[in-house]
Amino acid sequence: MKSYSLKLSGREEGPYAESQIAQMFADGRIDRNTPCKPADRGDWKSIDDYLPMLKYGTQLPSPSRVVTPPLPTPQPVLFSQRVSVVDFDIPFWSVLKIMFKWMAAAFVVFCCFLPVIIVIWLILVAVFAGIVNGVMSNLQHP
């Protein structure tokens, strides 16, 4: 039985027997394009060039069992924690109520600032009237 060297992660590893390479192929650790060369001599080529029977899968061993640690069990979801937003289906009257609430809030804020607005308006009118009165009084005296 021939043995081959493989280039895995940029390093030359091996030699591996054909059965070991077939097992690695079945486990998915290598593929058809993995660089390979005979252990005693030869050029680097793909596994597909040296071992073409692997691509057909007829002579592959069954994948080896890999023991994986059990996944942690997720915490149970309470119905009060479930959130599922698929579509916003808001009735027109709800939107209208929200708009009226915003308008009422804006009106209250406006009414709170209304005395300040009136005082500022009176000051501006008085300044403007004083300027116009001064200009008009200068026109009467030659």
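No value in this document is a laboratory result; all are computed from the given coordinates. As the structure is a prediction and not an experimental result, all values here were calculated from the model. No Cβ is skipped: glycine too gets one built from the backbone with ideal geometry, and neighbour counts run over all protein chains shown.
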(Q) What distance in nm lies between label points placed 7 Å from Cα along the C-beta direction at ILE90 and CYS111? (A) 2.6 nm
Q.
Straight-line reach from LYS2: which aspartates and glutamates fall under 13 Å, measuring Cα to Cα and dropping same-chain residues less than 8 apart?
A. GLU18, ASP40
Q: Using amide H atoms built 1.01 Å from N in the peptide plane, name the residues 5+ places from LEU8, or on other chains, whose amide H lies under 5 Å from its own.
A: GLU13
Q. Summing +1 for each Lys or Arg and -1 for each Asp or Glu, what net charge is found among the other residues whose Cβ lies under 15 Å from the Cβ of GLU12?
A. +2
Q: With θ set to phi - 60°, apply the Karplus curve 6.51 cos²θ - 1.76 cosθ + 1.60 along the stretch 4-10 and write out the HN-Hα couplings as whole Hz, x wherever there is a Gly or Pro.
A: 10, 9, 10, 9, 10, 6, x
Q. Under 5 Å between amide H atoms, partner at least 5 residues away or on a different chain: which partners does SER46 have, H built in plane at 1.01 Å?
A. CYS36
Q) Across the stretch 100-106, in residue order, what do the Karplus-derived ³J(HN,Hα) couplings come to in whole Hz, using 6.51 cos²θ - 1.76 cosθ + 1.60 with θ = phi - 60° and x for Gly and Pro? A) 5, 5, 5, 5, 5, 5, 5
